[in-house]
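Below is one structure, written out as structure tokens; comments come after it.
The values are calculated or read from the model by the stated rules, or taken from the named source; none is laboratory data. Everything numeric in this text was worked out from a predicted model, so none of it was measured. Cβ placement follows ideal geometry from the backbone for every residue including glycine, while neighbour counts extend to all protein chains displayed. Accessible surface areas use protein heavy atoms only, side chains included; no ligands, DNA or RNA. Shrake-Rupley method; radii C 1.70, N 1.55, O 1.52, S 1.80 Å.
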Amino acid sequence: MKSIQIGANAFSWDEAGQGDVLLLLSGWCQDHRLFKTLAPELAKTHRVIRLDWRGHGEHREHDGDFVTADQATDVIAFLDKLEIGKVVPVSTSHGGWANIETTDRLGPSRIPRSVVIDWIQTTPNEDFFRAIEELQERSAWEKGRDDLFAYWIGDTENCDIVDHVSKEMAGYSFEMWARSGREIARAYRKWGNPMRRMAAMKEHRPITHIYSQPFEPEYTQAQLDFAAQNAWYRPNKLPGRTHFPTLEQPKAVADAIRAFLKDA
């Protein structure tokens, strides 16, 4: 990975391929390794950049606490420093909150489209918030994290997914997991759900949500209902079994992204 200094913090990033730019952004307590099979697939047709969040990737040290808005500020500063004009961000899980904040700030002239992957689109129940609160309690955070891991993995035997969770994500500290829980809870409490956040954007543009979990038909129907009222929103359910379609079925995800980008 390369390193770049933005303000007081160092960030790890890399790139491959040529053409229009795709910026890959992980969720909290994840990093560029989430895209190890998706990035090469996308790089066949695009310039693909993997950027790790502040305090993530190969630069875990950072200058104190930060929030979702700071992540968006970091992304914009990174794009400006590399003199990247037009870009399509591709985020996973709750990295979607910073993705959409960035998309909203920069407008369609720089971000004409956006991709979010496996991001809980509906309003969570209180059990969700209780699970998120566990991540913020030093005495309970590992249990809360492991419960999430078990659900995300499902019944897969995919070594890439198991290692990503049990080794890569598990390598992040209580501090970062607690911060993730706080920021995720704040976002849902403020907006209700990501669809409402996207609906509140100053200028709408096409956004696709590529996902496998949750499996309940009501979840898919809620997105179809929202799409019927908002033509710019395009849900795309893949037949995977885990929370990690980028690792479980990278070619299917890449094909879905390419099809979305071609449908201008």
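Among residues of the stretch 205-219 that are in a helix (DSSP H, G or I), those with a beta-carbon under 9 Å from a residue that is surrounded by 21 or more Cβ atoms within 10 Å (Cβ to Cβ) at least six positions away or on a different chain give the pairs Y219/Q121; Y219/Y211.
Taken over the stretch 12-59, the criterion of being in contact with a Ser or Thr (Cβ under 8 Å, 6 or more places away or on another chain), free of Cβ contacts under 8 Å to residues at least 60 places away in the same chain and open to solvent by 30 Å² or more (accessible area, probe 1.4 Å) is satisfied by G17, G19, E58, H59. Just name the residue that is nearest to Q121 (Cα to Cα) out of those in the stretch 209-264 that are within 17 Å of the chain's Cα centre (by Cα) and of a type in the set (V, I, T). So the residue we want is I210.
Is it the case, given these coordinates, that K86 is without any contact (Cβ under 8 Å) to a residue 12 or more places away in the chain and not small (G, A, S)? No, not satisfied. Among the residues of the stretch 2-20, not one is under 17 Å from the mean Cα position of the chain (by Cα) and within 23 Å of S109 (Cα to Cα). Remark: pairs (first residue in the stretch 167-195, crowded, with 21+ Cβ neighbours inside 10 Å; second residue assigned to a helix (DSSP H, G or I) and aliphatic (A, V, I, L, M); Cβ separation under 6 Å; 6+ apart in sequence or on different chains) = G181/I132; I184/I132. For the stretch 131-186, a residue qualifies if it is part of a helix (DSSP H, G or I) and of a type in the set (S, T, Y), and the qualifying residues are Y151, S166, S180.
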